[in-house]
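Below is one structure, written out as structure tokens; comments come after it.
The values are calculated or read from the model by the stated rules, or taken from the named source; none is laboratory data. Worth saying up front: this structure is predicted, and the values here are computed from it rather than measured. Glycine gets a Cβ as well: all are built from the backbone with ideal geometry, and neighbour counts include every protein chain shown. Note: areas computed on protein heavy atoms with side chains; ligands, DNA, RNA excluded. Shrake-Rupley method; radii C 1.70, N 1.55, O 1.52, S 1.80 Å.
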Amino acid sequence: MIPKHLNRCLEGHTVSIGMTLWVIILFSLPGVLRGNVLFSNFEEIRLTTVDECCQDGRNRGDHGQDCTIIPNLSSSHMCRIAQERCCSAAREKLLCNNGVTMALYQGACEVPFFEGEPWEAKLSKICCDCCTLGLIATRDTLSCDFRHLYLNAECSDTAKECCLNKTEASKTDPMMADPEVTAKPPVNCTGSPCSHFCRDNGTCGCFSGFQLKDDGVNCEDIDECVVGTHNCFQGLACINMEGSFLCRKRTSCEPGYELKSDNKCQDLDECTLGTHNCGANFLCTNTPGSFQCSRVKTCPAGFIEDAPGSCADINECVAQSSPCQRGETCVNTDGSFDCRRNRVTCGRGYHLSQDGTRCEDMDECETGNVCGDHGCLNLVGTYRCECREGFFFNEGTKRCKDVNECRYYQGVCAHKCENTKGSYRCSCTSGFQLSNDGANCDDLDECLARPCSQNCVNVYGSYWCHCHPGYQLSDTDGITCEDVDECALPSGVHTCSYMCTNIPGSYYCSCPPDGYILAPNGQTCQDIDECAAGIHTCSASDSCFNIQGGFRCLSFTCPEDFQEVARGSKKDHLVFVRCMKHCRPHDQTCQSDLAHLITYTSLSLPTITDLTEPEDIIYMQTSTAFKTSPQSDATDIFFDIIFTDAESSFEAHKRAHQGMIMGVIQQVKPIIGPMDLVLQVAVNYVKSGLISHYNTVFIYIFISD
């Protein structure tokens with residue numbers, strides 16, 4: 001059943017229902033049109049325009065254009081064929097010439113060295129290989145006839161051409177021409193001593209790839225790889241040969257380097273890899289292609305190198321026997337040692353006599369201010385402090401310690417008591433102030449000092465601040481009103497459909513800069529129909545198709561052997577084309593093909609991230625009756641998805657609607673936009689167990705974000 005929201009359906013057209021539902025009405029016609037009218041002027045077209053059509057295609061192929069999308073020079077079907085075939089021939093010839101050039105100048109027929117699509121690079125490589133075969137035959141003085149190898153005609157002709165024309169190429173190509181010959185005094189060519197050949201002026205000359213020695217007679221090879229006159233591509237290694245050179249892919253590097261995946265040599269860090277042979281007392285330093293060993297510096301006096309190679313202090317008091325004199329004690333220091341005199345140790349309250357032989361009482365009251373601003377009484381081996389009021393003498397520390405009145409006299413203060421040296425001080429908690437008696441506390445009206453940034457309410461012993469709408473109290477100080485960022489709060493606080501922008505005390509909504517406009521409610525973004533508004537950039541030959549946040553310029557054309565029978569109205573912005581098979585006279589291949597109709601249409605869908613169950617997006621109504629039970633002579637229809645996205649996000653099903661067979665395309669998986677994809681659906685008509693004919697529907701789906 002079609003959902004209730006399917007509110008209209010135009011026969012023979014594609015109709016947009018809401019955002020996600022489209023309906024395609026496909027007609028099953030019993031026959032196809034004959035092709036007599038199409039070719040009534042065949043002879044006239046062929047005689048007057050076929051040469052021009054072919055020349056137009058050849059020119060486009062020479063300039064590297066795509067031969068499948070060149071514009072029609074004429075409405076003639078023969079002209080279209082001539083354009084495409086001549087364009088393809090010229091394009092293939094251009095690609096083959098690239099391969100021949102590579103064989104002549106580089107000698108490396110590898111696919112990565114050719115530009116273009118994979119099939120273009122493959123074609124250039126084939127011609128490069130065939131030309132190389134001819135060059136090798138010339139080099140080895142073999143025959144240029146390759147018929148015995150059973151090559152195809154194109155490869156055989158390319159090999160033969162490179163084999164026969166190498167000498168001619170040497171005359172015209174500066175890269176293969178003979179180098180300049182150094183002139184010497186004239187030599188009689190009769191019985192000439194020249195190692196290669198004698199020139200008409202009596203001087204000796206050398207073949208390509210050689211240069212004349214200083215003796216003016218003998219020739220020596222030019223190492224193009226050393227002098228830099230080769231033309232090998234980056235990533236290829238130049239290999240010098242007698243009179244020439246080769247470009248080959250690197251297979252190894254010099255010692256101290258390793259070959260990477262990009263065919264480049266990279267230095268090996270022997271110090272990090274541990275492949276160096278530096279000794280234990282040497283430091284390894286990496287250099288390009290090698291490494292260096294340097295001796296580790298020695299330790300200073302008083303230190304010794306340990307096993308890990310660090311400098312450790314020498315304990316001279318242990319390493320040496322009696323480093324100090326009698327009556328002295330050896331004390332080790334960092335890098336050295338000290339000798340300290342042995343002394344008599346006296347107890348607390350005593351000190352060593354002047355001669356250093358006995359201990360006597362220490363008068364602490366005289367030797368230091370041990371009691372501070374309190375009185376001091378000396379005793380044998382000790383002392384006692386006479387403390388002032390508010391202090392007591394601590395026998396353990398031998399000091400006057402403050403009496404904590406706040407601890408010993410509870411309730412001395414109404415709120416808070418702070419102990420001080422020899423006394424105490426009362427204070428009040430926040431929101432109160434100390435009374436005149438210095439012990440009790442009175443309420444303080446904090447609002448008089450305007451502590452709040454906006455509104456203040458005084459309460460007993462405190463106050464509280466509150467803010468205007470769109471603000472909230474700061475979590476830091478509790479008095480400052482901060483703007484509420486409605487845009488950062490969980491979903492539901494603001495209702496912006498796209499972007500929320502916070503402003504002091506409020507917020508506002510905005511839409512993407514292109515393709516949308518803010519609704520009158522100031523929160524919802526409405527799609528701009530560029531096609532209806534006439535602000536699109538589609539050409540006159542294209543159809544404008546509106547999608548969420550933009551538009552697409554679509555141009556659907558019928559393939560070969562098909563004729564357009566219906567097209568969507570640009571006025572109503574319906575973008576679809578229906579093509580019916582139209583065979584040429586006596587074209588048995590076309591007439592035997594079971595294809596009947598081809599329909600091109602378009603569909604705009606939003607991104608559905610929470611797709612929990614299949615969603616019907618397309619209905620395909622037929623005029624074939626739905627049979628509840630199979631009948632041998634009745635026509636049945638099956639819907640198959642031939643091509644879809646990589647995740648197989650769509651499924652095809654058959655249903656009954658008003659007694660007729662209807663196909664339903666469902667989206668079964670979420671697709672995150674933006675994404676453009678093409679869905680190909682086959683509608684197979686089956687009778688007596690065999691497919692009598694089939695229709696094809698191409699659905700161009702545009703997923704918005």
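Would you check which residues across the range 386-411 are under 24 Å from Gly431 (Cα atoms) and open to solvent by 40 Å² or more (accessible area, probe 1.4 Å) and list them?
Gln410, Gly411
Kindly establish whether Arg199 is within 25 Å of Thr101 (Cα to Cα), out of contact with any Cys (no Cβ under 7 Å at 6 or more places or on another chain) and not hydroxyl-bearing (Ser, Thr, Tyr).
So Arg199 does not fit the description; no.
Would you check if Val50 is outside the structural domain of Arg139 (by the TED database) and outside any loop (DSSP other than H, G, I, E, B)?
yes
For the list (1) at positive phi; (2) among the polar types (S, T, N, Q); (3) at pLDDT below 90, I need the number of the one condition that Ser648 fails.
Single failed check for Ser648: (3).
Conditions first: (1) under 46 Å from the mean Cα position of the chain (by Cα); (2) at pLDDT 85 or above. Pro174 passes all but one, so which condition is the exception?
(2)
Among Thr628, Thr612, which is the only one that is assigned to a loop (DSSP other than H, G, I, E, B), open to solvent by 70 Å² or more (accessible area, probe 1.4 Å) and within 26 Å of Ser688 (Cβ to Cβ)?
Among Thr628, Thr612, only Thr628 is assigned to a loop (DSSP other than H, G, I, E, B), open to solvent by 70 Å² or more (accessible area, probe 1.4 Å) and within 26 Å of Ser688 (Cβ to Cβ).
Any residue in the range 155-169 that is of a type in the set (Ser, Thr, Tyr), farther than 23 Å from Glu110 by Cα and modelled with pLDDT under 70?
So far as the range 155-169 goes, yes, one or more of its residues are of a type in the set (Ser, Thr, Tyr), farther than 23 Å from Glu110 by Cα and modelled with pLDDT under 70.
Consider only pairs whose beta carbons are under 6 Å apart and that are at least six residues apart or on different chains; among these, list those whose first residue lies in the range 649-666 and is in the same structural domain as Thr612 (by the TED database) and whose second residue is of a type in the set (Asp, Glu).
Qualifying pairs under 6 Å: Val664/Asp616; Gln666/Asp616; Gln666/Glu651.
State all residues of the range 53-67 that are surrounded by 18 or more Cβ atoms within 10 Å (Cβ to Cβ) and part of a loop (DSSP other than H, G, I, E, B); if no residue qualifies, say none.
Once the filter is applied, which keeps residues that are surrounded by 18 or more Cβ atoms within 10 Å (Cβ to Cβ) and part of a loop (DSSP other than H, G, I, E, B), the range 53-67 yields only Cys67.
So which of Ile535, Ile517 is part of a strand (DSSP E or B), among the β-branched types (Val, Ile, Thr) and surrounded by fewer than 19 Cβ atoms within 10 Å (Cβ to Cβ)?
Within the list Ile535, Ile517, the selection yields Ile517.
Looking only at strands (runs of 3 or more DSSP E) that lie completely in the range 472-513, which have at least 2 residues being free of Cβ contacts under 8 Å to residues at least 40 places away in the same chain, in contact with a Cys (Cβ under 7 Å, 6 or more places away or on another chain) and within 23 Å of Asp705 (Cβ to Cβ)?
Ranges flagged: 499-503, 506-510.
To keep it simple, each residue is scored yes or no on (1) within 44 Å of the chain's Cα centre (by Cα); (2) modelled with pLDDT under 80; (3) under 30 Å from Asn332 (Cβ atoms); (4) not β-branched (Val, Ile, Thr).
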| site | (1), (2), (3), (4) |
| --- | --- |
| Glu242 | no, no, no, yes |
| Gly256 | yes, no, no, yes |
| Asp267 | yes, no, no, yes |
| Pro288 | yes, no, no, yes |
| Asp313 | no, no, yes, yes |
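Going through the range 343-363 one residue at a time, which ones are modelled with pLDDT under 80 and surrounded by 10 or more Cβ atoms within 10 Å (Cβ to Cβ)?
Arg343, Val344, Leu352, Ser353, Arg358
Within the range 438-471, count every residue that is more than 60 Å from the chain's Cα centre (by Cα) and open to solvent by 40 Å² or more (accessible area, probe 1.4 Å).
Total satisfying the criteria: 8.
Please find, among Ser506, Ser543, Ser435, Ser510, the residue that is modelled with pLDDT under 90, polar (S, T, N, Q) and surrounded by fewer than 17 Cβ atoms within 10 Å (Cβ to Cβ).
Ser506
Under 7 Å between Cβ atoms, at least 6 apart or on separate chains: pull out the pairs that start in the range 58-72 with a residue that is free of Cβ contacts under 8 Å to residues at least 12 places away in the same chain and end on any residue that is surrounded by 12 or more Cβ atoms within 10 Å (Cβ to Cβ) and outside any loop (DSSP other than H, G, I, E, B).
Asn72/Arg80
Could you give me the residue pairs with C-beta distances under 8 Å whose first residue belongs to the range 331-359 and is within 28 Å of Cys317 (Cβ to Cβ), whose second residue is among the basic types (Lys, Arg) and at pLDDT below 75 wherever it lies, and which are 6+ apart or on separate chains?
Taking only residues 6 or more apart or on different chains, the pairs are Leu352/Arg343; Gly356/Arg343.
Conditions tested, residue by residue: (1) of a type in the set (Gly, Ala, Ser); (2) open to solvent by 70 Å² or more (accessible area, probe 1.4 Å); (3) in a helix (DSSP H, G or I).
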residue	(1), (2), (3)
Arg578	no, no, no
Thr589	no, yes, yes
His596	no, no, no
Ser602	yes, no, no
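Buried (at least 16 other Cβ atoms within 10 Å of the Cβ) and aliphatic (A, V, I, L, M), is that true of Val111?
no
For Gly99, are the conditions met, namely being at pLDDT below 85 and outside the structural domain of Gln563 (by the TED database)?
Here the answer is no, as Gly99 does not meet what is asked.
Do you know which residues across the range 639-655 are small (Gly, Ala, Ser) and either part of a strand (DSSP E or B) or in contact with a helix residue (DSSP H, G or I) (Cβ under 6 Å, 6 or more places away or on another chain) (or both)?
Within the range 639-655, Ala652 is the sole residue that qualifies.
Residues checked against (1) under 30 Å from Leu594 (Cβ atoms); (2) at pLDDT 80 or above; (3) out of contact with any helix residue (DSSP H, G or I) (no Cβ under 6 Å at 6 or more places or on another chain); (4) of a type in the set (D, E, K, R):
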{"position": "Ser28", "(1), (2), (3), (4)": "yes, no, yes, no"}
{"position": "Phe39", "(1), (2), (3), (4)": "yes, no, yes, no"}
{"position": "Thr68", "(1), (2), (3), (4)": "yes, yes, yes, no"}
{"position": "His77", "(1), (2), (3), (4)": "yes, yes, yes, no"}
{"position": "Arg80", "(1), (2), (3), (4)": "yes, yes, yes, yes"}
{"position": "Gln106", "(1), (2), (3), (4)": "no, no, yes, no"}
{"position": "Glu115", "(1), (2), (3), (4)": "no, no, yes, yes"}
{"position": "Lys122", "(1), (2), (3), (4)": "no, yes, yes, yes"}
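Test Gln234 against the stated conditions and say whether it is open to solvent by 80 Å² or more (accessible area, probe 1.4 Å), at pLDDT below 80 and farther than 30 Å from Cys198 by Cβ.
Taking the combined requirement at face value, the residue satisfies it.
Looking at Cys376, Cys365, Cys413, Cys406 in this structure, which one is of a type in the set (A, V, I, L, M, F, W, C) and assigned to a strand (DSSP E or B)?
Exactly one of Cys376, Cys365, Cys413, Cys406 is of a type in the set (A, V, I, L, M, F, W, C) and assigned to a strand (DSSP E or B), namely Cys376.
Looking at the range 656-676, which of the residues that are open to solvent by 20 Å² or more (accessible area, probe 1.4 Å) and assigned to a strand (DSSP E or B) is nearest to His596 (Cα to Cα)?
Only one residue fits best here, namely Met660.
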